[in-house]
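Asks: First the structure, which I've put down as structure tokens, then a few questions once you've had a look.
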Amino acid sequence: MKQTIKKFLGLLFFFCIILWGQRGIAEDLNNLTEISAVTAVTLDATTGKVLFAKNPNLKIPPASTVKLITAMVVLDKLPLNKKVVISKTAAETPSVAPLLKEGEVYTVNNLLYLLLMKSSNQAAVALAEEVAGSEEKFALYMNQKAKELGLNNSYFISASGLPSPGQYTTAYDLALILYQALKYPLIKEIIGTHTKIISSEGGRVLVVKNTNHLLEDPELKDYILGGKTGFTRASKHCLVTASKVHNRLIITSVLGAPSRESLWRDSKELIKFSQLVLENKAEPLYLNTVVTSQVPISHVSKTKLFKANSVVKASSKKSKTLVQKSSKKSKAIASTSKTSKKAKTLTANKTKNNKNKALATKTSKNHKKRS
């Protein structure tokens with residue numbers, strides 16, 4: 001009898017642990033925040049599987065994330081110890097501090113640190129001029145590189161990422177760009193560096209600090225390999241990040257976040273979500289939302305990211321139902337509109353005919369009187 005009670009209590013305790021664990025996972029899923037960026041992708045680069053996608057092929061200005069392509073082209077074309085003179089054009093390019101001065105000389109290596117860590121637009125222009133003579137000609141190499149990498153939805157005009165009409169990429173393409181960039185040992189080293197001291201040939205010392213705050217996040221210190229930030233008024237806040245999760249290379253790509261804080265938060269939650277998917281605690285999630293403009297700068301809707309598997313399926317069915325209802329409603333409205341227009345046309349024609357008849361009768365009478 002005592003043994004039976006012990007077994008029963010043991011089983012009860014075991015099931016309580018299981019239920020508590022499941023409850024903890026559910027609470028973790030429900031407590032995770034929402035993705036506020038316009039477009040985002042989480043890519044398992046080890047297998048090529050997309051774990052999360054929100055408007056993954058939406059074209060958007062790349063901002064400074066384009067500097068990853070710039071760095072790859074530079075490394076393909078120039079030796080690291082080559083000395084580069086800062087031109088007047090480069091010196092006058094709008095950029096963040098530390099500002100480079102016309103006539104200063106830096107090595108390609110040092111300019112790459114400024115380019116990728118501090119996101120210097122001046123360094124981008126200086127390197128582009130050294131490779132091709134001008135930023136415009138350098139863009140030809142950038143697009144050639146994009147084609148070699150198999151990018152289908154990207155087109156580049158500037159080496160810096162400064163606003164240029166017709167320049168665009170997507171969250172998915174950006175994830176592929178970082179994946180390819182990591183194959184360059186120096187790029188991998190630079191984007192994972194917190195602080196770097198460099199100097200010009202004339203002895204000017206510059207302290208360069210990485211713009212990617214996730215490198216300093218205590219929760220991610222065991223995961224983050226590095227990444228590249230970006231910002232323009234059109235593209236808003238952007239970040240592409242590489243991390244290691246369960247020995248998998250995970251790349252998160254976020255474009256169009258409304259603030260720097262939401263950018264860090266979105267990226268962190270995507271990394272957490274990838275961990276849950278790899279642990280089979282959540283399913284991959286694919287979302288499409290309505291974006292009303294070519295450059296979706298006013299996109300403010302938030303999409304719930306973390307849901308239990310059953311909820312995801314239910315949400316998917318609900319979305320389809322809503323789309324179908326919306327489609328039927330639109331057709332009904334269109335039909336009503338057509339009917340209304342037709343009725344108005346018939347009424348107008350009828351009125352016109354009546355007027356013509358009255359006029360003809362009046363003319364006939366007058367004719368008779370004159371006769």
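Asks: Considering only the other residues whose Cβ falls under 13 Å of the Cβ of Pro61, what net charge follows from Lys and Arg at +1 and Asp and Glu at -1?
Replies: +2
Asks: Net charge around Ser164, counting only other residues with Cβ within less than 15 Å of its Cβ (Lys, Arg = +1; Asp, Glu = -1)?
Replies: In short, +2.
Asks: Take the cross-link list Lys77/Lys244; Lys118/Lys228; Lys196/Lys272 and give me the ones stretching past 20 Å between alpha-carbons.
Replies: Lys77/Lys244; Lys196/Lys272
Asks: Just subtract the alpha-carbon distance of Glu189 and Lys137 from 0.36 nm times their residue separation and send over the number in nm, one decimal.
Replies: The Glu189-Lys137 span can extend by a further 15.9 nm.
Asks: Using a cut-off of 20 Å between alpha-carbon atoms, which aspartates and glutamates can reach Lys83, once sequence neighbours fewer than 8 places away in the same chain are excluded?
Replies: Glu92, Glu102, Glu104, Glu129, Glu130, Glu135, Glu201
Asks: Output the pairs from Lys137/Lys209; Lys101/Lys183; Lys188/Lys221; Lys59/Lys147; Lys59/Lys101 with a Cα-Cα distance over 25 Å in this structure; if there are none, say none.
Replies: As for pairs spanning more than 25 Å Cα to Cα, those are Lys137/Lys209; Lys101/Lys183; Lys59/Lys101.
Asks: Another question about this same structure. Along the stretch 201-210, what does the Karplus equation 6.51 cos²θ - 1.76 cosθ + 1.60 (θ = phi - 60°) give for ³J(HN,Hα), rounded to whole Hz, x for Gly and Pro?
Replies: 5, x, x, 6, 9, 10, 9, 10, 10, 5
Asks: Two decimals is fine: what's Rg over Rh for the stretch 138-229, C-alpha atoms, Kirkwood radius as Rh?
Replies: 1.02
Each value in this text was obtained by applying a stated rule to the coordinates, not by laboratory testing. Just so you know, these numbers come straight off a predicted model, no measurement behind them. Neighbour counts run over all protein chains shown; Cβ positions are idealised from the backbone, glycine included.
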